[in-house]
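The values are calculated or read from the model by the stated rules, or taken from the named source; none is laboratory data. As the structure is a prediction and not an experimental result, all values here were calculated from the model. Here the Cβ is made from the backbone with ideal geometry for all residues, glycine too, and neighbour counts use every protein chain on show.
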Amino acid sequence: MNDQNNFAGKIGAILATAGSAVGLGNIWRFPTEAGANGGAAFLLIYISFMLLLATPIMIAEFTIGRHGQSDVMHAFESMSNGKKDWRYMGYLPVIAGILVLSYYAVVAGWTLEYAFRAGINDFIGKTQEEFTQDFIAFSSNPLKPLTWLFLILALTFGIVALGVQKGIERGAKIMMPTLFVFLAILAICSLTLPNASLGLNFLFKPDFSKVNSSTILSAMGQSFFTLSVGICCLCTYACYFRKDVNLIKDGFKVAAIDTLVAIMSGVIIFPAVYSIPGLSPDAGPSLVFITLPNVFQEVFSGLPVIAYLFSLMFYLLLVMAALTSSISMLEMSAAYFHKEKGMSRPKAALIMSLICLVLGAACSLSFGIWQDITIFGMGFFDLFDFLVAKLLMPIGGLLICIYLGWIVDNKDVYDELTNNGTIAQPLYPYFRFIIRYFAPICIAMIFITEIGLLKI
Ligand code: PFF
């Protein structure tokens, strides 16, 4: 294989994978979920699932992908012990990649609009009501969000078309460290706000009386979404890993980076929310687009330059986080056509981007003029989110566990994880137990509960 098709360095591979994992799921979805589910208790349960469920499945995806060194279809076939039908798993990232990018790009587009608004100082002097009206008017406008959707898909296409080393790896190497610096600055600013300690208490002091079955399910779902596991996104990236990458160690590093970003987002958002009387941490998905611009204005009301910089930095951060994830989504589907069908990389990426543009437009319009069009009672945006997060991710995760735990030879898995016996993997027995027994049972339970077959 041409070296340009692999990540050149170990750091590049980790950063690109962390780039896929870290995204709107951490900065937008995590605070929303934590806010709605009681804060610290949610955080603890979420971290347990990250350790016991999502990270092992991520390592499973790494194992399959790196063993194959080509694309997901080939990867599943090459370890399948003659059970060739497993190659059809190669369609999962194609379908899931298109679906997830179509709706994720809509929210990613919103982040561009808000970065732009922050840039032209549009937030100054506005009240909470005005922010609410602005957001509703914008998200239901037929044209404006589509323009941003187009732009975010064009950016994503550009990076993926450039290839693995020049596009994805370089993009991640620039964007990921920048994101960390931005997060750190914002977190420090937030900690200096009045009542910051209330926000920190909410995030770090668990109150287990708030825990119920839905907290547990939400925490499990969040751990899947935030690590991009279950739909072979990480399996796609692992096809480009070098043979000397330590898959278990790097898996834990990515999970640690991802968790750190989620916690830092909480440290930015909750002290900010508590610093204004009357605002509540369970404001839902609007927290980031309605509550926060207001918080920035109110908290720094005497310091317009700081308010301006704080808002601009925050939304640029969201744009970057969304972009490093959206490129992994596009790569999932484009890789199939590039590797299996022999299409050039730019052509494969272009066709997939255009499909996502059309589907994404439908998702975007479901907030406005198409809000009455529903399928199974859901608009396009909610339907796509349901299909990906509630159907494909658990089903895919379950199949990955069955495949690696029961179909593939134990020796092949062990050899891949120990880099053919050259490195020690003391955690291997735990990994194997989780993949064979614990994870499939847990996922099956989430799945049947989420689709409403089981009520707990
Ligand atoms: N993990 C990403 C986030 O937290 O924003 C979202 C994501 C990326 C989901 C890639 C699925 C995927 F395949």
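Given the residues Asp258, Asp282, which is the only one that is among the acidic types (Asp, Glu) and either surrounded by 23 or more Cβ atoms within 10 Å (Cβ to Cβ) or within 14 Å of the ligand (Cβ to nearest atom) (or both)? Full working, then the answer.
On the way: Asp282 fails: either surrounded by 23 or more Cβ atoms within 10 Å (Cβ to Cβ) or within 14 Å of the ligand (Cβ to nearest atom) (or both).
Checking each option against the conditions leaves just Asp258.
Looking at this structure, is Lys390 among the basic types (Lys, Arg) and within 16 Å of the ligand (Cβ to nearest atom)? So Lys390 passes the test. Applying the condition of being among the β-branched types (Val, Ile, Thr) and away from the ligand (no atom under 16 Å from the Cβ) to region 192-238 and asking which residue is farthest from Leu43 (Cα to Cα) yields Thr192. Contact map, region 227-245: residues that are touching a residue at least 12 places away in the same chain (Cβ under 8 Å) and on the phi > 0 side of the Ramachandran plot paired with residues that are among the acidic types (Asp, Glu) and more than 8 Å from the ligand (Cβ to nearest atom), Cβ distance under 7 Å, separation 6+ or inter-chain. Pairs shown: Cys232/Glu61.
Which members of region 76-98 meet the condition of being under 26 Å from the mean Cα position of the chain (by Cα), away from the ligand (no atom under 16 Å from the Cβ) and in contact (Cβ under 8 Å) with a residue 60 or more places away in the chain? Write out each step before concluding.
Going residue by residue through region 76-98, those that are under 26 Å from the mean Cα position of the chain (by Cα) are 76, 86-98.
Okay, now just the ones that are also away from the ligand (no atom under 16 Å from the Cβ), so 76, 86-88.
Answer for region 76-98, where residues must be under 26 Å from the mean Cα position of the chain (by Cα), away from the ligand (no atom under 16 Å from the Cβ) and in contact (Cβ under 8 Å) with a residue 60 or more places away in the chain: Phe76, Trp86.
One residue stands out among those in region 31-51 that are modelled with pLDDT under 90 and at negative phi: the one that is surrounded by the fewest Cβ atoms within 10 Å (Cβ to Cβ), which is Ala36.
Which residue out of Ile395, Ile435, Ile446 is under 23 Å from the mean Cα position of the chain (by Cα), at pLDDT 95 or above, surrounded by 15 or more Cβ atoms within 10 Å (Cβ to Cβ) and over 24 Å from Phe150 (Cβ atoms)?
On the way: Ile395 fails: at pLDDT 95 or above; Ile446 fails: at pLDDT 95 or above.
Answer to the check: Ile435.
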